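Readers should treat all values here as calculations from the given coordinates under stated rules, not as data from a laboratory. On a predicted model such as this, the values are computed, not experimentally measured, just so you know. So basically every Cβ, Gly included, is an ideal-geometry build from the backbone, and we count neighbours across all protein chains shown.
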Amino acid sequence: MTLIKRLSKEEADFSTGKLKPNEEDYASAERKGAKGIKKSDIFFCIFFSCCVVALALALIFKPPVSPKLDESDGEKWQGKQAIEHQTEVKHIEIPGIDRMYFKAGETTQKVNIYNPESNDCTISYKLIMKGKVIWKSEKCYPGYGFYEIKLTHGLEVGTYNAHLLHVCERDGQQLNSANMNVEIIVE
Amino acid sequence: MTKKRIMKKIMCAVIVAVMMICSAVSADTTVFYHEDSQYTVLIPETIIADGTQYTFTAPVMDLCDGDRVDVTIGNIDMAGSIHMSTSTNKDMIAEFFNESGKLMPGQTVATFRNGMTEAGMIYATPFSTEGAGDYYGSVVFNINLVHEGEGDVIIG
């Protein structure tokens, strides 16, 4: 209660002119300018702004720099090159079949179609004539083959062009395949 | 005795005549045997489309005179490329080349003649891809015995 009373008294004295403000406070305010900012701060701000504007203008109106090709290391890039490297190449052995002799009117025919033992894949065969499959096999494992096949229908006497498609697979993954023209002679 | 002599002479004459006839007939007889061309071609199991080169080899190439074995790529398109894809259906196109440049449909990549064990060379490079992944495709090699002078056999 005593402190409140004393503060109220000082406020009253200040408003009536009995209490004068400190003279040092006035001098400090004059040095800082009307708003209390140092002159050196203003000069620094102006100098900093000029530097920023100059830098911005320099970046905007920068002349294009043309590279000196003679000085560049390396050579003119023309796209990626093919780089040779060692890769284990596996092969599939495809025995040639040029001709087959069939009996007229019969669906069961004798052939020599086999998957060589040296292969590491299965082969499924399709005998195709005039765009139609006249015989197809399931997967034939290496070292196995067919001595007899059953055609979808018997053929009349004559010579036919057909092709024997070899579809090669291993572990469910299809490998490259082979296709062979075969002359079928029906007697 | 005279009759016997005459008989002997006649028999000799008959035997000589038969022998002459036989020899004349055998002179006209020929022996013929034909064995078809036999061959085995090794095709690459997988082609890695990174520029790796592949050649074709033939452990057996016993061909009749005038025969040759041609190898072509059957499923190449007009741009000399093959379509490949990933399990997530990203697509890729691989281009195929031989020594003389990009392959065209029906262009021979290897020709074997009697006794040859190695021929041709191909390689593939990626033309366009849809980003990282394992792309798969399959090449169908046409392997055909051609009787030169008779024209190429047309697939039926």
Write down, largest first, the equivalent ellipsoid semi-axes of the range B:60-136 in whole Å, where each equals the square root of 5 times an eigenvalue of the alpha-carbon gyration tensor. 32, 12, 10
Shielding by partners - mean other protein chain Cβ count within 10 Å, residues of B:74-83: 1
Size of the dipole of the range A:107-187 about the Cα centre, Lys and Arg at +1 and Asp and Glu at -1 on the beta carbon, nothing else charged, in debye to 20? 260 debye
Distances over 11 Å make up what percent of all Cα-Cα pairs in the range B:43-89? 81 percent
Between B:Phe32 and B:Gln107, with labels modelled 7 Å along Cα→Cβ, what's the label distance in nm to one decimal, could you check? 4.3 nm
If I take R0 = 51 Å and measure r between the Cβ atoms of A:Asp73 and A:Lys39 in this structure, what FRET efficiency does the formula 1/(1 + (r/R0)^6) give, to the nearest 0.05? 0.40
For chain B, the dipole about the Cα centre with charges only on Cβ (Lys and Arg +1, Asp and Glu -1), to the nearest 20 debye, works out at 2000 debye
q = 0.18, 0.22, 0.27 Å⁻¹: log10 I(q)/I(0) that the Debye formula gives for the range A:103-149, counting C-alpha atoms only: -0.60, -0.82, -1.04
Per the Kirkwood treatment, what hydrodynamic radius in Å, one decimal, follows for chain B from the mean inverse distance over all distinct Cα pairs? 20.2 Å
With only alpha-carbon atoms counted, please give the Rg and Dmax of the range A:44-187, in Å. 34.0, 110
Express in % the proportion of alpha carbon pairs of the range A:125-179 at distances exceeding 16 Å. 50 percent
